[in-house]
Structure formats: C-alpha cells, structure tokens
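Visitor: Pasting a structure here, questions to come.
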Amino acid sequence: MSQSMQQDGTIGQQFRTASLIILGVCGLLGLLVFGRGFLVPIVIACIFTSLISAGVSKLEAKGLPGWVAMLISVSGFFVLFYGLAQIFSVQSDSIAETLPKYTERFDQLLADLTAFLGEKQVDQIRSAFAQMDFSSHVASLAESVGGLFGNLGLVLMYTAFLLSERGMLLKKLGHLFPDPDKAQEVQDVLRTVGYGIRRYMWIKTAISLLTGGLCYLVLRYLSVDFAEILALLIFLLNFIPTIGSIVGVVLPSLVTLVQFDTLTPFLMVVAVCGSVQFVVGNIIEPKFMGNTLNLSPFIVLVSLTFWGTVWGLEGAFMSVPIAASIVILCRDIPALRPVAVLMSADGDLAKGRTPAVAADTASEPTHEPKDQRIKELQEELKDLQNSKGA
C-alpha cells in the first residue's frame, strides 16, 4: 500500500513539474511576443555595448588610457551610425524619384517576354507577382526599419548607461554570491558569453564590410543606380544567416535587370556578387570564425525563423548572437549541458571555450609567493618541533 502511494506521489510530482515547465515556456513566449517593444531595444543596446567594450579593451591593451579608449570607441561608433543614416536619407529620395521609371521598364520587360513565352505565360507571371503582394512586404519592412530607427534614441540611452556601468557587473556578483567559488564560476560564464558575442560580432562586421565593399565596387563599375544603398543593404543582410546572402545577390541583380536594356550587366552582377558571397561566406568567414560559436546549421536556421517570427527584422539580425548566448549558458550549467550538446555543431563543447577567462585569469595577480612563504613557515615549524623532540 505504501509503495503504491509512493509511486502515486512520484507521478504527481512529475506531473506538477511538467505542468510548471509548460506554463513557464508559455509565459516566456508571451513575454517575448507582447514585450517586444520593451525587450528589443535592451537586447540591441547590450550588443552595442559589447561591441564598444571590445574596442575599448583592444585600445587599452595597446597602452591607451581608459578614457581615451572609450572616447575613440564611442566616437567611431557614432560616426558609423551617422554615415549609415546619411546614406539612407539621401538615397531614399532618389529611389522615390526613379521608381516610376523602373515601373515602366518592368512593364516593358514583360512585354518583351510575351514574344518568347506567349501571352498566357506572361499573364501567369503577372498574376504571380500580384499574389506576392510586394507592397505589403515593403510596408512591413519599412515599418520594421522605422521602428528600429524610432527606438534608436532609447537604444543609445540604454547603451550609454550600460557603458557607464562597464565592469561593475562582475564586481556586483562578488557581493551577490557569498561563496567565492560560486561567484567566480558565474563570472567565468559571463566572461565567456561576452567574449563569444564580441568575437562573433567583430568578425561578422569585418566580413560583412568586405562583402559589401567588393559588391559596391562591382556595382559602381557597372554604373548601377543606388550602388551605395545596395552595398549598405548587402552589408546589413550579411548578418542574417543563409537567407541574407541570397537576398544580397537577388536584390542588386533585379535592380540591374530593370535598369539596363541588355542582359550583360545583369549576368555580371549575378556572377560576380554571387561569387563574392560564396567565397567570403564559405571560405574566408569559416577560416576567421573558426570554432567561435560551434552552432549547428540547423539550429541557426531554426533560431533565424523563430526570432524573425517573434521580433521581425530585428530578431533576424540578432538570431545568431542570441542562439550563441543560449549555448554558452547551457554549456556551463551542468543540468542544461544536454541542451548545449544538441545545439552545437558536433557536440564538442570544449571548442573555443574560455580564452577570455584564461586571459582574465592570466592578468590577475597570482598568489604563489604567499603560498611559498606559508610552506617555508610550515617547514621551519616542523624543524623546530623535531629539534625540541631530539
């Protein structure tokens, strides 16, 4: 009887645990969806803070004072943002003026296709484009970009306050956890997370600049309209895994196809920009990225789909850093290690594990002299006791 009651109690406990987990997941999803306007600026500010902090650390390592390194990093960050805003504002007016000409050119292309494909096939193409409802997609994209720039002031304010508290979080943890070993363990986890995100963002930014720059040279050589904003879009889209690179080739190719009367520029853009995306994405980037993230490609795609659905365009850009942070956190929490193994590329969680922690530990003063002195005193005390015993 008692054994039966014990089994019923165990089943009841498991049922309650499963119910709490399900309720927790549902609550988290609700928070992510309905708290988008509150959470997205904070996450973006954390990424910006991580990038600026990485620049400050690199400059400090070269011998610059802390305030000089901070001033240079913050100034460079704002100059970059100002340049991006200027490109968007200047080229957006040109796009609005040129759009009617592109519409006429597109109709002319469809008319030319009628001679090769027949009127029935062209009508099907027209209906397919109509069903795609590009206007709604463009409106959705404009709304996402507008919301991102609308929250820019809030993001920059968050970033400023986070930078003012740079380095204080790890000190607070020392007071939060009474156990020094536990506090050190949590500090190591946070250092590893920060290092992984900073390294990914810096390498991805450099690779995206290289991709956008090379594509810009091709577009300028062919005198493609809006070469600057197309190169900027290629740079930004490169942060979106897999899909971003494809769109980064399709977008300038379509503009070239509509702009010119011959197919030669179109074929050159497809061939050269496609080759740049392939070489940079499959050869150069893996060589520099190495095992920084060690994320499964399937998990990258799932993360892109999930965060793009929940947070839109902003979520698509932040999908990989968020997934990498989850893997690093789960990796250093014993109960969640199986989750990290499943999300990793090959299950080896030791790859790219703690270079940041090792660097920080190396920079800390060692206690070997103190320990050596204690050993010497112990040996002297032992010799003294032996001499008294003799």
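Visitor: Using amide H atoms built 1.01 Å from N in the peptide plane, name the residues 5+ places from SER344, or on other chains, whose amide H lies under 5 Å from its own.
Guide: So SER344 has HN proximity to SER296.
Visitor: Round to the nearest 10 and report in Å² the accessible area of ASP332, as given by a 1.4 Å probe over the protein chains' heavy atoms.
Guide: 30
Visitor: Leaving out ligands and nucleic acids, and using a 1.4 Å probe, what accessible area per residue does segment 231-316 come to in Å²?
Guide: 47
Visitor: Can you tell me how segment 153-311 classifies by the Cα gyration tensor, rounded, prolate or oblate, using a/c under 1.5 as the rounded cut?
Guide: Prolate shape, in that a/c is at least 1.5 and a/b is the bigger ratio.
Visitor: Now for a separate question. Report in % the part of the accessible area of segment 160-241 that belongs to carbon and sulfur, leaving out ligands and nucleic acids; probe 1.4 Å.
Guide: Looking at segment 160-241 in its full context, I get 67 percent from C and S.
Visitor: Moving on. State which entries of LYS101/LYS204; LYS172/LYS287; LYS182/LYS287; LYS101/LYS287; LYS58/LYS172 exceed 32 angstrom in Cα-Cα distance in the structure shown. Write out the running numbers ahead of the final one.
Guide: Numbers: LYS101/LYS204 36 Å; LYS172/LYS287 37 Å; LYS182/LYS287 36 Å; LYS101/LYS287 43 Å; LYS58/LYS172 24 Å.
The pairs that break the limit, which is 32 Å between Cα atoms, are LYS101/LYS204; LYS172/LYS287; LYS182/LYS287; LYS101/LYS287.
The values are calculated or read from the model by the stated rules, or taken from the named source; none is laboratory data. Just so it is clear, the structure is predicted and the values come from calculations on it, not from any experiment. Just so you know, the surface numbers come from the protein's heavy atoms only, side chains and all, with ligands and any DNA or RNA stripped out. Shrake-Rupley method; radii C 1.70, N 1.55, O 1.52, S 1.80 Å.
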